[in-house]
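The values are calculated or read from the model by the stated rules, or taken from the named source; none is laboratory data. It should be emphasised that the depicted structure is a prediction, and the values quoted were computed from it without experimental measurement. Ideal geometry is used to build each Cβ from the backbone, glycine not excepted, and the neighbour counts take in all protein chains shown.
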Amino acid sequence: MMRILHWCSGLLLLVLAYLGLGATAWIAGQAGLACQLVRRAGTDWPAPLLGAVAILLLLLLWLYCGRLANRPDDVIEFRGRGGRIRLSTASIRDFIETVVGEFAAVQSLFPRLSVRRGKLEIDLEIRVIEGTRIPELCEVLQDSIRDGLNDRLGLTRVRGIQVAVKEILPSGGATKPLEDPEGATA
């Protein structure tokens, strides 16, 4: 979506720059397109000023959309005191899988990561072996992940870790990969 908006605003910016919305009225002193727009709007602003403001706002929109369009989707970005910090979601998923791998009762997991208001949110879907005390397991799992992110990776801005048990497997049962709701497997 941002790529389309970036492309459209860039095209419009190019057309406006070509027409010289405000510049032609200023240089030639004629009542060009910009002057007609000003008269219809009923303002007393000079046409060159309105044209320059419109082009500047469009340029800012184009730059902003381009920045968002070129940001990789598989990166979580934080703003630190010294600048931006980018972590690949794959590296955080691998870390979470390592932490969760220490729990024998968890057979498989599918983590989803997002950043909201500068804080990391983690949604885990897991499959556990029967006979496990699920509430206690989930609490210990949440604490272990939060502590690991804090102690080993230095990530202190964790908003929440939600755990959803998707399946309870029989003891010694065969395991299969947990399915992503969009169709991919973890």
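Just checking, does segment 57-71 include any residue being under 30 Å from Lys166 (Cβ atoms) and modelled with pLDDT of 70 or more? No, segment 57-71 has no match at all.
Among the residues making up segment 128-154, those that are in contact (Cβ under 8 Å) with a residue 24 or more places away in the chain and closer than 13 Å to Val165 by Cβ are Val128, Ile129, Glu130, Thr132, Ile134, Leu137, Cys138, Leu141.
The set of residues in segment 93-114 being polar (S, T, N, Q) and within 18 Å of Asn150 (Cα to Cα) consists of Thr98, Ser114. Taking the criterion of being under 15 Å from Ala104 (Cα atoms), surrounded by 15 or more Cβ atoms within 10 Å (Cβ to Cβ) and modelled with pLDDT under 90, the only residue of segment 128-184 that qualifies is Thr132.
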